[in-house]
Amino acid sequence: MIELPELVAGGLAAGTLTALALGGSLLRSRRQKAALRAEVTELRARLEGTEGAFITEVEHLAARRMPAAAAQLAHPHLRVPGPAGQHTPGTPTGIALEYVLTALREELTAQRTRIDAAAQAGLRGATREIQAALYRLQDALRGLQQRYDDPELAQTLFALDHENEQSLRRAQVAAVVCGAWVGLAREESHVVDAVTGGQARLPGYHRVRVNNHLEPGTALVSHAVEPVAIIVAELLDNALRHSAPDTDVVVDLEHVHHGVCVTVDDAGLGMTHDERARAQRLVAGSDPILLTDLGDPPRMGLAAIGRLTRQFDLNVDVSSPSPYGGVRAVLRVDSHLLGRIDPGERPPSASAPRSTRERAVRREPVREAAGRATPVREGAAPGAPVPEAPVPGIMPAGFPAVAGPAPDRAGSAAEHERAPAPGREDPGDLAGLPQRRRRTPAAAPDAPRPQPSARRPEEAAAALAALQYGTAAARAPKRASAPEPQRTDDEGGAAG
């Protein structure tokens, strides 16, 4: 039988053990609670830091990255800033932010394309009406030029015609950039006539020096004549605008393996590497053209060249500097766009520079005067002046249109100039050798004289052109800033 003191001792021992166990459990729970509280605090701080970093990234995206991405569409050289945090790229947050930028670019591009297409459609319709009005004015001016022989009036009409031609060129370029047709169909023409036709559309055409090294009769097919003239005019306009007014722009026409090259060299300031790269992209025509990318006001020359090179399978390169210090632009016309015209039946215009190959094959007749040999233009009347270069007020010759109501003034002048004088032999029929001229017997006093027939419009135009050439050449002021470069009698190239 158990004694009472033993029971009390056993109960106290059990209570003590229980109290110790409960105290240990309470202590462990307090420690766990403190650890949990510290972990919660740490997680809360981390969450607050992540939230702050995300807010910072969103603010950085809205304030800097999105405006830069929008501006980069118009200016590809601009750089879009990266994320604000160093560890953001590659994370889910960084990937989501990049997706936002990509979606923004795509939507802005689509909106710009739609807006620009609407602007181009409106401008295309306006330029179509302007072109039609300018063509009507051009026909009216040329009709007046053929009707009246007064030198002062003719000089004014020529000046108005040239101003109208420049306005027509600007409207035509704007229409081409907006996707319209070139606006004029021409018949097959000499390459040199297409080049001088483009030259005639510029205010500073007298600064252009053309060297023709093509085979006589080298021509363009009909659908390539106007595009080549537009491209040459824009390349020359760019060269004239960015070079000093006392310098010349040199144009060389050369045969190459796959066709013909028209090289334009200026002595201007040139372009930087980035400017040259952008110009090459424009003239290549591979990228879509937006009016908003062409500046304010839009500079459409290179963009128009790009449209034409893509539509008519032409090639333009502006990536090389000129040996004169400016820019070299090369237009290449492939063989499938070339043809041939018999220069005897359809000679080039009178103001077009003669081919150096023609001079090499056939020597020009010479005339002895005061112990010096003076070159005489082949097929011209002895003693007739040899024109050197176009003069201000008279446009260089272009090329005839298919359905043009007015004959080509320069072509008529060429026929008038190439006609041999009465009573004299044509030196072109005597193998280029000087011949003794026979005197024409005087008519009898009582012999009836033939009555002159009425002049045809072509003859009147030729006489008017010759008269205007002489009067304008006598009145043309010389450039005072620099001496006029010497030119050969036939080509307009540099002497020596």
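Would you mind stating whether Glu39 is touching a residue at least 40 places away in the same chain (Cβ under 8 Å) and more than 30 Å from Asp274 (Cβ to Cβ)?
Numbers: touching a residue at least 40 places away in the same chain (Cβ under 8 Å): no; more than 30 Å from Asp274 (Cβ to Cβ): yes.
Considered against the rule, which asks whether it is touching a residue at least 40 places away in the same chain (Cβ under 8 Å) and more than 30 Å from Asp274 (Cβ to Cβ), Glu39 comes out as no.
Quick one: Leu294 ticks every box in (1) within 24 Å of His75 (Cα to Cα); (2) open to solvent by 40 Å² or more (accessible area, probe 1.4 Å) except a single one, so which number is it?
The failed condition is (2).
Any idea which residue in segment 342-370 is most open to solvent (accessible area, probe 1.4 Å), counting only those that are in contact with a strand residue (DSSP E or B) (Cβ under 6 Å, 6 or more places away or on another chain) and modelled with pLDDT of 55 or more? Walk me through it before giving the result.
First pass over segment 342-370, keeping only residues in contact with a strand residue (DSSP E or B) (Cβ under 6 Å, 6 or more places away or on another chain): 348, 353, 355, 364, 366-367.
Next cut, modelled with pLDDT of 55 or more only: 348, 353, 355.
Working: Pro348: 34, Pro353: 13, Ser355: 6 Å².
Filtering first and then ranking leaves Pro348.
Test Ala132 against the stated conditions and say whether it is more than 30 Å from Thr196 (Cα to Cα), surrounded by fewer than 14 Cβ atoms within 10 Å (Cβ to Cβ), of a type in the set (A, V, I, L, M, F, W, C) and within 32 Å of the chain's Cα centre (by Cα).
Values: more than 30 Å from Thr196 (Cα to Cα): no; surrounded by fewer than 14 Cβ atoms within 10 Å (Cβ to Cβ): yes; of a type in the set (A, V, I, L, M, F, W, C): yes; within 32 Å of the chain's Cα centre (by Cα): yes.
Spelling it out, it is not the case that Ala132 is more than 30 Å from Thr196 (Cα to Cα), surrounded by fewer than 14 Cβ atoms within 10 Å (Cβ to Cβ), of a type in the set (A, V, I, L, M, F, W, C) and within 32 Å of the chain's Cα centre (by Cα).
Read through the list (1) open to solvent by 10 Å² or more (accessible area, probe 1.4 Å); (2) more than 30 Å from Gly268 (Cα to Cα), then give the number of the only condition that Glu163 fails.
(2) is the only condition that Glu163 fails.
Just checking, does segment 240-252 include any residue being surrounded by 13 or more Cβ atoms within 10 Å (Cβ to Cβ) and hydroxyl-bearing (Ser, Thr, Tyr)?
yes
Answer yes or no as to whether Arg147 is over 29 Å from Asp293 (Cβ atoms) and out of contact with any Pro (no Cβ under 7 Å at 6 or more places or on another chain).
When the stated conditions are applied, Arg147 passes them.
So, in segment 256-270, how many residues would count as being surrounded by 13 or more Cβ atoms within 10 Å (Cβ to Cβ) and out of contact with any Lys or Arg (no Cβ under 9 Å at 6 or more places or on another chain)?
Residues flagged as surrounded by 13 or more Cβ atoms within 10 Å (Cβ to Cβ) and out of contact with any Lys or Arg (no Cβ under 9 Å at 6 or more places or on another chain) within segment 256-270 amount to 1.
Among the numbered criteria (1) outside any loop (DSSP other than H, G, I, E, B); (2) touching an Asp or Glu at 6+ places or on another chain (Cβ under 7 Å); (3) open to solvent by 60 Å² or more (accessible area, probe 1.4 Å), which one does Thr93 miss?
Condition (3) is where Thr93 drops out.
The values are calculated or read from the model by the stated rules, or taken from the named source; none is laboratory data. Here the structure is a predicted model, which is why all the values come from computation and not from measurement. Glycine gets a Cβ as well: all are built from the backbone with ideal geometry, and neighbour counts include every protein chain shown. Just the protein is used for accessible areas: all its heavy atoms, side chains included, with ligands, DNA and RNA removed. Shrake-Rupley method; radii C 1.70, N 1.55, O 1.52, S 1.80 Å.
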